[in-house]
1. Within the set of pairs 6 or more residues apart or between chains, which connect a residue that is within 13 Å of chain B (Cβ to nearest Cβ) inside segment A:399-416 to a residue that is β-branched (Val, Ile, Thr) and surrounded by 19 or more Cβ atoms within 10 Å (Cβ to Cβ) with Cβ atoms less than 6 Å apart?
2. When you check residue B:234 against the structure, is it closer than 25 Å to residue B:111 by Cα and more than 14 Å from every other protein chain (Cβ to nearest Cβ), yes or no?
3. Quick one: count up the residues across segment A:380-416 that are under 16 Å from residue A:349 (Cα atoms) and not hydrophobic (A, V, I, L, M, F, W, C).
4. Any idea which residue in segment A:201-222 is nearest to residue A:387 (Cα to Cα), counting only those that are part of a helix (DSSP H, G or I) and in contact (Cβ under 8 Å) with a residue 40 or more places away in the chain?
5. Kindly provide the set of residues from segment A:167-215 that are modelled with pLDDT of 95 or more, farther than 21 Å from residue A:361 by Cβ and of a type in the set (Val, Ile, Thr), ordered by number.
6. Could you check segment B:62-73 and list, in sequence order, the residues that are facing chain A (nearest Cβ under 7 Å) and out of contact with any Leu (no Cβ under 7 Å at 6 or more places or on another chain)?
7. Could you list, in sequence order, all residues of segment B:386-401 that are more than 22 Å from residue A:369 (Cβ to Cβ) and buried (at least 23 other Cβ atoms within 10 Å of the Cβ)?
8. So, residue B:243, is that one closer than 24 Å to residue B:282 by Cα, acidic (Asp, Glu), surrounded by 21 or more Cβ atoms within 10 Å (Cβ to Cβ) and out of contact with any Asp or Glu (no Cβ under 9 Å at 6 or more places or on another chain) or not?
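The values are calculated or read from the model by the stated rules, or taken from the named source; none is laboratory data. No experiment lies behind these values; they were computed from the predicted model shown. Cβ atoms come from the backbone with ideal geometry, glycine included; neighbour counts cover every protein chain shown.
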Amino acid sequence: MVEELLEKAKQSAEVAEALYHESTELPISFEANRMKSINARESSGMALRIIKDGRIGLGYSTKLSEPGDLDALVESAVESAQFGAEAKFALPSTYTTNGVTIFDPAVEALTLDNLVALGTEALDLLRNHDEEFLCDVGASKRVSNVRLLNSHGGGTEYRKSVVSLGASINLTRGEDLLDVWHYAVSCRAELEPQAVAQRIIRRVEDARRQGTVRTKHMPVLFTPQGLGSALMLPLRQALSGKTVLEGASPLSDRLGEQVFDEKLSIYDDGTIDHAVGSSPTDDEGIPLQRTPLVENGYVRTFIYDLQTAGLAGAEPTGNGERSPNSLPAPGYHNVVVAPGSGGSLDDLIGDVDEGIVVEYAMGASMGNLFSGDFSGNVHLGYKIENGKLAGRVKDTMVAGNAYAALKNIAAIGSEPEWAGGSFYAPPILVADLSVSTREG
Amino acid sequence: MRERIEDALKQHTADFVEIRIEETKSTGITYRGKDLEEVGTTTQLGGNVRAAVNGGWGFVSFNRIVDLREKVSQAVSQARLVGNEKTELVEVPPVQDVVQVSMQRDPWEVSLAEKKQLMDSYVEEIWRTPKIQTSTVHYGDGYRKQYYGNSTGTYIEQERGRVFARFGVVARDNGNVQQSRAGFASSEDYGVVEGRHADVREAAEKAVDMLDAQPPKGGEFMVILDSTLAGVFAHEAFGHLSEADHVYENDKLREIMVLGRTFGGKFLNITDSGEVRGLTGSFAYDDEGVPTGKQYLIRDGELVGRLHSRETAGKMNEAPTGNARAQSYSVPPLVRMRNTAIEPGETPLEDMLAEVKDGVYCKNWYGGQTSMEMFTFSCMEAYAIRDGKLAEPLRGVNLSGNVFTTLENIVAVGNDFAWDPAGGTCGKGGQSAPVGDGSPHVLISKCLVGGQ
């Protein structure tokens with residue numbers, strides 16, 4: 001079908017590129033401690049990008065089975081090219097299929113019974129710990145096929161398998177609600193219900209008692225998940241070539257300068273085996289690489305897709321990512337924060353006389369990401385007193401500026417972990433941030 | 001399509017089966033800065049079958065609309081593997097209906113060239129303002145035709161339309177980068193995106209004004225929310241907790257959320273409606289074929305109702321409300337809000353301002369989020385209030401509160417009212433849904449402000 005579409009498109013355009021994806025997904029869910037549903041989702045779709053008279057046109061359709069469907073897709077791309085942006089790039093002529101391992105036959109072979117067993121084990125472990133837990137559990141496997149081909153012969157094809165296991169618990173005591181969750185995902189059949197349940201149980205036990213906090217400045221320790229929820233989004237936006245090109249990035253004229261604490265190094269790495277953000281190429285056929293974004297506090301690289309790189313006069317970095325129905329834009333694969341020498345999470349806690357741990361800052365990414373200002377509700381966090389955890393902190397906000405915070409790092413932990421699938425980071429202790437709380 | 005759906009529904013052994021087939025067509029035009037970045041159209045065709053057996057659910061989604069009968073038996077056998085209790089769905093009288101979209105001005109009759117020309121003029125308007133660093137202008141329209149049939153005998157063909165324009169403006173002065181935005185949306189009129197030049201100019205000027213704003217002090221303050229932000233507040237602070245799927249299987253939460261409980265003052269009324277014409281959260285039937293309506297959540301300060309799917313209403317023994325919505329054919333429906341509003345009260349804004357010695361006036365929003373018990377939302381524009389008068393502008397103001405106390409802290413509800421013209425998009429369980437939020441101004445005696 002991809003070849004047929006390209007043939008048709010070439011009759012009305014100089015350059016054409018077809019991206020076909022199909023996937024099957026089997027998600028099962030447990031709600032309120034019992035099995036709730038089994039879903040089976042099949043999807044497929046075709047995106048067509050063309051260059052006609054030097055302008056970019058785009059169309060996307062999931063209606064592909066009837067005669068004339070492909071012609072309609074070509075027609076819509078040709079229509080949009082009349083108004084499209086001027087193309088500033090050349091598509092690759094290399095067909096790349098090797099590199100990273102993202103398919104595991106053992107995932108594809110997982111049966112419904114296997115998934116039910118994964119979910120049931122996680123549920124039982126949680127319920128055996130505390131029968132008051134109200135648990136939701138989700139397990140899922142997905143196998144997808146991607147085929148990308150352009151009229152220069154460049155592109156890729158790959159198969160990706162993804163298995164995930166997520167669980168959350170709710171404890172309701174009067175009007176005090178505690179929700180704790182953990183989510184694990186991999187391209188390899190390696191998920192351990194034990195590990196997921198243990199993470200949740202530790203967080204619940206740390207949060208069971210109520211801590212007290214007052215409105216003032218103090219050290220704030222971000223767990224990998226907390227870091228992702230509060231500090232990473234401004235940086236992700238500022239390091240995107242698109243934001244830089246527009247001059248809206250506070251880092252746009254700081255390439256090669258030290259902006260952050262020298263302990264901080266961040267990479268975008270699409271070459272990590274079994275990671276869900278990895279693949280042989282990006283969505284334009286450019287091979288993925290490990291790109292240093294920040295090294296020892298210095299701003300090293302901005303990420304680009306082909307068109308943005310063309311407009312900026314920069315080198316493409318293999319970061320052309322697209323949702324099926326839109327043009328490629330700079331997007332990250334796996335964002336990796338290099339570990340430091342601060343030891344384990346407990347070691348970092350031990351270093352703090354008075355402060356808080358942030359596991360998840362709700363709403364911190366909703367404001368003005370350009371400025372780096374953030375302000376979030378500590379949805380899950382704990383007080384630290386004299387180097388020990390001293391109960392849950394709630395009805396509390398943590399606020400500051402991401403750039404200032406990451407210039408003022410007290411320590412970076414030595415033990416990174418995956419938070420949410422494509423973010424791999426250690427905990428980071430920020431020396432001083434504003435904490436505000438409800439009085440009485 | 002009707003025959004194929006009704007034929008596929010004929011033989012099955014489930015407690016409930018439904019088939020939902022959807023055709024959608026959408027257009028998007030996007031500008032970054034002064035340049036047009038993307039014009040594209042998307043066509044989608046797909047469907048699903050959902051079945052309930054003994055309280056368990058099976059769901060199958062697909063793009064190729066073939067072998068519907070086989071898809072039914074697959075969904076039924078999946079449901080059978082899950083279920084070992086009783087399917088409890090509320091009774092809804094069967095409906096046969098055809099709902100056509102009635103556009104005042106139909107976006108599908110406006111050429112792509114005309115749409116582009118209109119957006120070009122907005123881009124120009126934005127760039128007339130000095131200190132603008134960049135902007136985004138996005139136009140979108142969508143049309144969805146849905147074919148829905150279920151085993152109770154309901155068959156509905158329903159069309160829905162949507163047209164919107166969103167504007168984001170970024171101003172910069174050296175390292176200081178500030179932003180502002182505006183948006184307009186309608187379910188039935190292309191006219192809503194026309195003639196917006198003054199609004200767009202105002203958004204551009206606001207972004208520049210915010211360059212002079214200072215971050216707020218942290219702590220608890222008296223705050224006044226404008227109607228747009230107060231609508232988001234109603235959505236985050238109370239709307240989500242009214243979604244019965246959070247409550248129906250949590251006995252302890254059911255005790256807290258018992259109907260009749262007092263949540264606020266006598267002057268507090270909160271509703272959720274799918275019937276407000278033109279709003280993007282409105283529709284005739286939800287994605288389970290249940291007629292929409294208007295539901296009071298809080299009346300005279302008391303909890304009087306909540307939002308239901310067939311299942312949550314059945315299990316809680318309450319009346320159906322028509323709040324089951326799915327982002328698309330590829331996912332099962334969830335309990336979602338439609339257009340959520342605080343109803344007008346009696347207090348003029350001037351009287352609210354006069355009450356505030358040291359507080360914050362908060363306008364418009366970037367986003368909001370809730371954990372059921374706690375919620376937070378961010379303001380686009382804010383001003384300090386001192387001794388009843390508006391003072392210096394503040395930036396990066398995020399408010400946070402606790403559902404069980406903040407509603408009680410509402411001390412006055414304004415005598416004005418407005419729906420957010422931009423419409424909103426609400427995310428839940430990985431699905432997004434267009435929603436509306438509206439309110440008068442409200443005065444809250446104590447609200448937590450994150451500060452630096």
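1. Partner pairs satisfying both residue conditions: A:405/A:430.
2. Details: closer than 25 Å to residue B:111 by Cα: no; more than 14 Å from every other protein chain (Cβ to nearest Cβ): yes.
When the stated conditions are applied, residue B:234 does not pass them.
3. 13
4. A:206
5. Listed by number, the residues that qualify are A:185, A:196, A:201.
6. Filtering segment B:62-73 for residues facing chain A (nearest Cβ under 7 Å) gives B:62-64.
Across segment B:62-73, the qualifying residues are B:62, B:64.
7. B:401
8. On the way: closer than 24 Å to residue B:282 by Cα: yes; acidic (Asp, Glu): yes; surrounded by 21 or more Cβ atoms within 10 Å (Cβ to Cβ): yes; out of contact with any Asp or Glu (no Cβ under 9 Å at 6 or more places or on another chain): yes.
So residue B:243 passes the test.
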